[in-house]
Amino acid sequence: MPARKTMNRIFPIGTVRRKIAKAFYQLLFQRNEFKKNVKRFFSSPSAPLHGEQLPSLKKVFCSVTDRCNLSCGMCPRKNLYYGYADIDNGILQRVYDKAYDLYFVGLQGYGEPYLYKDLYKVIETLKALMPQRGEIGFNSNATLLERSHIVRTAESGLDNLTFSVDGATRATYERIRKGAKFGQVIKNIKDFVHYKKQVGSNHPKLMMNYVIMKDNIQEIPLFVELSKQCGINAIHFNYDRTSYRCLQTDELKEAFQEAKRKAKDLQVILYLPPIYPVKPENEFCVFMDTVVLLNSGEVVPCCRAADFDMLGDPQNILSFGNVKENSLDDIWNSRSYISFRRQVFTKNWPRFCDGCGFKSQIFM
Ligand code: SF4
Ligand code: SF4
C-alpha cells in the first residue's frame with residue numbers, strides 16, 4: 001500500500017521505528033502518570049478545598065484532673081475506662097509545646113479543676129506561652145472556692161470561669177449535684193463576684209452553666225433571677241446529653257420564653273440551645289479547630305468522641321493518636337485525622353457523626 005510505503009520511508013523498519021514507538025509510549029505513560037499525580041493531589045486530604053484550607057489547630061481541651069468531689073447523676077465520668085488521675089506531666093508538655101499557636105485552652109474534662117494541686121502553675125505557664133489574645137478557661141462546681149482560691153484564680157490570669165449550677169432551689173440542686181451544698185455554693189459564687197468588684201478586676205469573666213434535665217425544666221426562669229442575685233450576667237444552658245430528645249416539650253418552650261422575658265428585664269445574657277430537631281442544612285461542626293486530649297494521652301476530635309455514655313463501649317472511642325508517642329502537630333497532621341476532618345468540614349458526615357447533637361448546636 002502506498003501509505004505503508006510512505007511510512008516505511010519516513011520511519012524505516014528497525015531501530016528508528018522502535019525508538020519512536022518507545023518515545024511515544026513513554027510520553028503516553030508519563031502523561032498518564034502526570035494525570036494520576038494531579039488527581040492524587042486534589043483528592044488528598046490536605047488539598048485546598050475550593051480555595052480554602054482546613055482550619056488549623058487553635059483550641060485544646062485537656063483535663064487537669066479527672067477526680068471529682070461530687071457524683072452528679074448525669075455525669076459521664078462514671079464510665080471512664082482509664083481511671084481518675086491528674087494530668088501527666090508529659091501530656092501537659094505537649095500542650096505547652098503547642099501553646100504559642102493556640103487561641104483557647106480549656107482545662108476541662110471529667111473532674112473538678114480545683115482539686116488539682118498545680119492548677120495555678122499550669123494557668124500561669126500557659127499564659128506566658130500563649131499568644132496575647134489566647135484565653136484559658138474551665139468549668140467548676142464552685143464547691144471548693146475558698147477565699148485563697150478566689151484570690152489566686154483572679155491573680156493567675158484565668159480568662160473564663162463557668163460555675164455549673166443546675167438548680168435554682170436547694171432541693172433541686174442537691175438532688176442533681178450529689179454531695180454539694182446549695183447554700184455554700186451560692187455563697188462562694190457571691191464571694192468571687194464581690195472580690196472582683198473589691199479589687200476592680202475584670203478577670204476572670206464569670207458565667208453560670210445549667211444542664212437542662214427533666215426535673216429542673218421548671219426552674220429555668222428562676223435560675224435567671226438567681227444568677228442576677230449572685231451578680232452574674234451570663235448563663236449558658238445546655239441539655240443533658242442522654243435525655244435531650246425527650247426534653248423537647250411545651251413545658252420547655254414556655255420555660256425558655258419566660259427565661260427570655262426575665263433575662264431582658266434583668267439584663268442577663270442567655271445562651272439557649274435550639275429546640276430539637278434542627279434542619280440538616282443548618283448543621284456544622286464546632287470542633288473543626290479543636291482537639292480533646294484525654295488523660296490517657298489519646299487525642300479525640302470532639303467532646304462527643306470522648307463521651308463514654310454516648311459511645312457505650314470504650315472500644316468505640318475515636319482516637320487519632322496518643323501524645324505519649326507523638327506531638328499534637330504530628331497527630332493533627334496525620335493522614336487519617338486530616339481525612340476525617342475533611343469529611344466533617346465538607347459535610348460529607350462520617351458515620352461517626354450520625355445523630356451528633358454538637359453539629360446541630362443542641363449541645364455547646
Ligand atoms: S461536678 Fe462535674 S465532673 Fe464532678 S461529678 Fe458533677 S458533673 Fe461530673
Ligand atoms: S459532627 Fe459531632 S461527632 Fe462529628 S466531629 Fe463534630 S462534634 Fe464530633
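The values are calculated or read from the model by the stated rules, or taken from the named source; none is laboratory data. Owing to the predicted nature of the structure, the values given are computational and were not obtained by experimental measurement. Here the Cβ is made from the backbone with ideal geometry for all residues, glycine too, and neighbour counts use every protein chain on show.
Restricting attention to the stretch 248-268, the residues that are in a loop (DSSP other than H, G, I, E, B) and surrounded by 15 or more Cβ atoms within 10 Å (Cβ to Cβ) add up to 2. For S140, the requirement of being among the hydroxyl-bearing types (S, T, Y), crowded, with 19+ Cβ neighbours inside 10 Å, touching a strand residue (DSSP E or B) at 6+ places or on another chain (Cβ under 9 Å) and without any contact (Cβ under 8 Å) to a residue 40 or more places away in the chain is met. Does the stretch 145-153 contain any residue that is surrounded by fewer than 19 Cβ atoms within 10 Å (Cβ to Cβ) and assigned to a loop (DSSP other than H, G, I, E, B)? Yes; the residues of the stretch 145-153 include at least one that is surrounded by fewer than 19 Cβ atoms within 10 Å (Cβ to Cβ) and assigned to a loop (DSSP other than H, G, I, E, B).
Of the residues G90, G83, the single one that is within 15 Å of L328 (Cβ to Cβ), away from ligand 2 (no atom under 16 Å from the Cβ) and either among the small types (G, A, S) or at pLDDT below 95 (or both) is G90.
I'd like to check something: does the stretch 190-209 contain any residue that is over 23 Å from T153 (Cβ atoms), within 28 Å of the chain's Cα centre (by Cα) and not in a helix (DSSP H, G or I)? Spell out how you get there, then give the answer.
Residues of the stretch 190-209 over 23 Å from T153 (Cβ atoms): none.
Within the stretch 190-209, none of the residues are over 23 Å from T153 (Cβ atoms), within 28 Å of the chain's Cα centre (by Cα) and not in a helix (DSSP H, G or I).
Among the residues making up the stretch 166-189, those that are charged (D, E, K, R), assigned to a loop (DSSP other than H, G, I, E, B) and surrounded by fewer than 21 Cβ atoms within 10 Å (Cβ to Cβ) are K178, K181. Taken over the stretch 330-341, the criterion of being touching a residue at least 60 places away in the same chain (Cβ under 8 Å) and under 17 Å from the mean Cα position of the chain (by Cα) is satisfied by W332, I338, R341. With respect to the conditions (1) farther than 23 Å from F363 by Cα; (2) surrounded by fewer than 16 Cβ atoms within 10 Å (Cβ to Cβ); (3) within 28 Å of the chain's Cα centre (by Cα), R245 lacks only one, and its number is (1).
Would a scan of the stretch 227-237 turn up a residue that is within 16 Å of ligand 1 (Cβ to nearest atom), under 28 Å from V95 (Cα atoms), in contact (Cβ under 8 Å) with a residue 60 or more places away in the chain and surrounded by 15 or more Cβ atoms within 10 Å (Cβ to Cβ)? Yes; the residues of the stretch 227-237 include at least one that is within 16 Å of ligand 1 (Cβ to nearest atom), under 28 Å from V95 (Cα atoms), in contact (Cβ under 8 Å) with a residue 60 or more places away in the chain and surrounded by 15 or more Cβ atoms within 10 Å (Cβ to Cβ).
All told, K98 meets the bar of being more than 16 Å from ligand 1 (Cβ to nearest atom) and farther than 29 Å from M213 by Cβ. Does V199 count as farther than 17 Å from E112 by Cβ and among the β-branched types (V, I, T)? For V199, the condition - farther than 17 Å from E112 by Cβ and among the β-branched types (V, I, T) - is met.
Looking at the stretch 64-95, which of its residues are among the β-branched types (V, I, T) and away from ligand 1 (no atom under 15 Å from the Cβ)? Give the derivation first.
Narrowing the stretch 64-95 to residues among the β-branched types (V, I, T): 64-65, 87, 91, 95.
Hits for the stretch 64-95 are I91, V95.
R341 meets all of the listed conditions (1) at pLDDT 85 or above; (2) not in a helix (DSSP H, G or I) but one, namely (2).
Since N282 meets every condition but one in (1) in contact with a helix residue (DSSP H, G or I) (Cβ under 6 Å, 6 or more places away or on another chain); (2) surrounded by fewer than 16 Cβ atoms within 10 Å (Cβ to Cβ); (3) at pLDDT 80 or above; (4) not aromatic (F, W, Y), which condition does it not meet? Evaluating N282 over (1) in contact with a helix residue (DSSP H, G or I) (Cβ under 6 Å, 6 or more places away or on another chain); (2) surrounded by fewer than 16 Cβ atoms within 10 Å (Cβ to Cβ); (3) at pLDDT 80 or above; (4) not aromatic (F, W, Y) leaves (1) as the failure.
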